[in-house]
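First the structure, in the form of structure tokens, and then the observations on it.
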Amino acid sequence: MKVSFVIGADPRETQGKGASRRLRRAGKVPAILYGGKAEPRPLILDQQNLLTMIDNEKFYSSIVQLKIGDELQPAIVKDVQMHPARNLVVHVDLQRVLENEPIRIRLPIHFKGESAAPGVKQQGGMVSHLRTDVVVSCLPKDLPEYLELDLSNMNLNETKFLSDIPLPEGVTIPELAQGKNAPVVSIHSPRAAEAEAAGGEGAEGAPAGAPAAEAAK
């Protein structure tokens, strides 16, 4: 399996809020490693090392290698909790990766051919990205870095859905298996966008019927 990042980690012997605060004051981050038919394992990560990685989208959509002493453990990042007011990582959740067990991970969707699409170039439309990522399921060996959707043949008032995203062999989108073929991207006229924005405001200026974000489990 392809590994994109290596993260040094130490076992964490003490737990609780007080212990976590002491770790953070020392420039460390409490973390938990779970899954893979083994007991959850508390870990300690380095704050500065994490800060160099968390702005890279691949950090959340690829397999990382945990180096715990002499032990190497592949994992995926499930959650990174940030401080509400400072650029500090507060806690990290990691899930073990086993070679022969499928993983669920959120991948970014990369869009190509936007400027060449007839709906934009010739018909004066605007591109609206309705989804920028999606949860996929696959074996670790089949995990791509991202999914790509070609818009170069889209016309005005056309929409592409999850089912339109080409998937590499061995990769599936669980939402589709559940019958949820959500829209991903559309091309529409600027006037339609303005009318939609004006009509989407509630009495107090709040968006009417804003969709709820679906978290990957």
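Annotation for the stretch 26-40: at least one member residue is open to solvent by 80 Å² or more (accessible area, probe 1.4 Å) and of a type in the set (D, E, K, R). Of all residues in the stretch 123-163, those satisfying the criterion of being loosely packed, with under 15 Cβ neighbours inside 10 Å and assigned to a helix (DSSP H, G or I) are K141, S163.
Taken together, the residues in the stretch 1-37 that are hydrophobic (A, V, I, L, M, F, W, C) and at pLDDT below 90 amount to 5.
Annotation note: Cβ proximity below 7 Å between a residue of the stretch 140-160 that is over 30 Å from N100 (Cα atoms) and of a type in the set (D, E, K, R) and a residue that is surrounded by fewer than 17 Cβ atoms within 10 Å (Cβ to Cβ) and modelled with pLDDT of 95 or more (sequence gap 6+ or interchain) occurs for D150/K112; D150/G113.
Select from the stretch 9-22 the residues that are under 18 Å from G69 (Cβ atoms) and open to solvent by less than 40 Å² (accessible area, probe 1.4 Å) and write down the one among them that is nearest to the chain's Cα centre (by Cα). Only one residue fits best here, namely A9. Filtered by the rule that a residue be open to solvent by 70 Å² or more (accessible area, probe 1.4 Å), farther than 13 Å from P108 by Cβ and either of a type in the set (D, E) or in contact (Cβ under 8 Å) with a residue 24 or more places away in the chain (or both), the stretch 47-61 gives a lone residue, D55.
Would you point out the residue of the stretch 90-122, among those that are open to solvent by 50 Å² or more (accessible area, probe 1.4 Å) and of a type in the set (K, R), that is nearest to the chain's Cα centre (by Cα)? Restricting to residues being open to solvent by 50 Å² or more (accessible area, probe 1.4 Å) and of a type in the set (K, R), the top hit is R106. The single condition from (1) open to solvent by 70 Å² or more (accessible area, probe 1.4 Å); (2) assigned to a loop (DSSP other than H, G, I, E, B); (3) over 30 Å from K37 (Cβ atoms); (4) modelled with pLDDT of 95 or more that N87 fails is (4).
Inside the stretch 40-84, can you point out the residues that are part of a loop (DSSP other than H, G, I, E, B) and either under 19 Å from the mean Cα position of the chain (by Cα) or closer than 21 Å to R25 by Cα (or both)? Answer for the stretch 40-84, where residues must be part of a loop (DSSP other than H, G, I, E, B) and either under 19 Å from the mean Cα position of the chain (by Cα) or closer than 21 Å to R25 by Cα (or both): T52, M53, I54, D55, N56, E57, S62, H83, P84. Just so you know, in the stretch 176-195 the residues that are out of contact with any strand residue (DSSP E or B) (no Cβ under 7 Å at 6 or more places or on another chain) and open to solvent by less than 50 Å² (accessible area, probe 1.4 Å) include one that is modelled with the lowest pLDDT, and it is A192. Of the set (1) charged (D, E, K, R); (2) on the phi < 0 side of the Ramachandran plot; (3) part of a loop (DSSP other than H, G, I, E, B), all apply to K37 but (2). Selection of first residues in the stretch 1-28 that are closer than 13 Å to V90 by Cβ and of second residues that are open to solvent by 70 Å² or more (accessible area, probe 1.4 Å) and among the small types (G, A, S), restricted to Cβ pairs under 9 Å at least 6 apart or on distinct chains, gives an empty result. Kindly indicate the residue of the stretch 164-175 that is buried (at least 16 other Cβ atoms within 10 Å of the Cβ) and touching a helix residue (DSSP H, G or I) at 6+ places or on another chain (Cβ under 8 Å) and also farthest from V120 (Cα to Cα) among those meeting that condition. Checking each candidate, the answer is V171.
Cβ contacts < 9 Å: first residue under 13 Å from P102 (Cβ atoms), restricted to the stretch 170-187; second residue acidic (D, E) and assigned to a helix (DSSP H, G or I), any location; separation 6+ or different chain. Result? From residues that are under 13 Å from P102 (Cβ atoms), the pairs are G170/D142; V171/D142.
The values are calculated or read from the model by the stated rules, or taken from the named source; none is laboratory data. All of these numbers come straight from a predicted model, not from anything done at the bench. Methodologically, a virtual Cβ is constructed for each residue, glycine included, from the backbone with ideal geometry; neighbour enumeration extends over all protein chains shown. The area values use the complete protein model at the heavy-atom level, side chains included, leaving out ligands, DNA and RNA. Shrake-Rupley method; radii C 1.70, N 1.55, O 1.52, S 1.80 Å.
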